[in-house]
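Reviewing the structure listed below.
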């Protein structure tokens, strides 16, 4: 499955909204937190790779 940065950011926003609701149970909050942590990790890796591509492109100029 291909990683889609924009979809991950949208999902992180949804998770944030869900966790802000007082009706979210502790168990559900823990699941959401785990999902969010993984998305943040993937987004960070994606941004690091994008930065490297840009730096390499600039070195070729």
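Just so it is clear, none of the values below were taken in a lab; they were calculated from the coordinates. None of these values were measured; they are calculated from a predicted model. Note that we place each Cβ from the backbone using ideal geometry, even for glycine, and neighbour counts take in every protein chain shown.
Sort the following peptides by mean Cβ neighbour count (other Cβ atoms within 10 Å, averaged over residues), highest first: 45-57, 6-18.
The peptides rank, most packed first, as 6-18, 45-57.
Based on DSSP H runs of at least 4 residues, each adding -39500 (n - 2.57), what is the mean residue ellipticity at 222 nm of the chain after dividing by all its residues, to the nearest 500 deg cm²/dmol?
Values: 2 runs with 51 residues, N = 61.
Result for the chain, helices only: -29500 deg cm²/dmol.
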